[in-house]
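In what follows, a single structure is set out as structure tokens and then discussed.
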Amino acid sequence: MTKTEASTSRTPLFAAMGALALLGAGGGYLYSQSNSADGSDSSQAARIAAERAGAAAGMSDADRKATEAVVRAYILENPEILTEAAQILEQRALVKRLDSAGSALKAAFAGAVDGNPNGDVTLVEFTDYNCGFCRSSVADVQKMIGADKNLRVVFREVPILSDTSRDAAKWALAAAKQGKHKAFHDAMFSGDKPSDASIRTAAQKAGLDMAKAQADANSDAVTAEIEANLAMMQKLGVNGTPTFIIGDQIMEGALGYDTLSQAVAKARKKS
């Protein structure tokens, strides 16, 4: 093989490596911009890695620069591929966060579950009784449970807004121990914002054994569940309520029935 033939045969390799260099730098930059104030470290690392790979394959500086010029022109003409690359990176990071939570994510506190206990798709909701968006989402979740007989819903109490949020969360878990989480949940969100009076009113409306509920609300098991939920929330990178986790999707805010239903359909299709 002549020197010219060898150089020509390496052209596809150079093009591929040039593409990796620019896509890696560009994708790394975009992804890091969504996670930090400065994306230079990620893009610089991608560049260094590409240069080392090129050197190992015998790519000269001239070859690399020529190939990168071609790839750069392509990217400028088709900039959407950088957004696609960043989305893929972000999705992979999201899956890693979900994997870090493990099976505990879908393991409900006894009684803090609704819908079909053997459903093929689980919707996990992180909720706070002081959250107005959580309150407005109650009807959407209930509509989904009524329309989808294979949906399992796990409620995770995460009192992040105030001290009264924690009090209400403790009583919700106490209600769960009596098999009346849904009744308390609905009564709490349909009544006044959490206070000693509104919590007791919701508990009475739910038909709780008040003495038992008081004792359970102050139990170590309930405290441990709340702390575990808060730790899980932090591990997942979740910042607010309501947050819905459906399959490999983390969705924040009052999203509405249609959006949540579409997320369930997507998760079901993947499973």
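The values are calculated or read from the model by the stated rules, or taken from the named source; none is laboratory data. From a predicted model like this one, the values you see are computed outputs, not experimental measurements. Glycine also receives a Cβ, built like all others from the backbone with ideal geometry; neighbour counts cover every protein chain displayed.
Annotations for the structure displayed:
- Some residue of the range 72-94 being within 19 Å of the chain's Cα centre (by Cα) and either at pLDDT 90 or above or under 30 Å from residue 170 (Cα atoms) (or both): yes
- A search for C-beta distances below 8 Å between a residue of the range 207-222 that is touching a residue at least 40 places away in the same chain (Cβ under 8 Å) and any residue that is of a type in the set (D, E, K, R) and surrounded by fewer than 20 Cβ atoms within 10 Å (Cβ to Cβ), counting only pairs 6+ apart in sequence or on different chains, returns 217/167.
- When residue 122 is tested against (1) among the hydroxyl-bearing types (Ser, Thr, Tyr); (2) touching a residue at least 60 places away in the same chain (Cβ under 8 Å); (3) in a helix (DSSP H, G or I), exactly one condition is not met: (3).
- The set of residues in the range 105-150 that are among the acidic types (Asp, Glu) and surrounded by fewer than 14 Cβ atoms within 10 Å (Cβ to Cβ) contains only 120.
- Subset of the range 151-164 that is surrounded by fewer than 23 Cβ atoms within 10 Å (Cβ to Cβ) and out of contact with any Cys (no Cβ under 8 Å at 6 or more places or on another chain) - its residue that is farthest from residue 203 (Cα to Cα): 152
- Residue in the range 238-256 that is at pLDDT 95 or above and more than 16 Å from the chain's Cα centre (by Cα) present: yes
- Matching entry among 197, 202, 206 (being in the same structural domain as residue 120 (by TED's automatic domain parsing), crowded, with 24+ Cβ neighbours inside 10 Å and among the small types (Gly, Ala, Ser)): 202
- Breaking point among (1) farther than 20 Å from residue 96 by Cβ; (2) surrounded by 13 or more Cβ atoms within 10 Å (Cβ to Cβ), for residue 263: (1)
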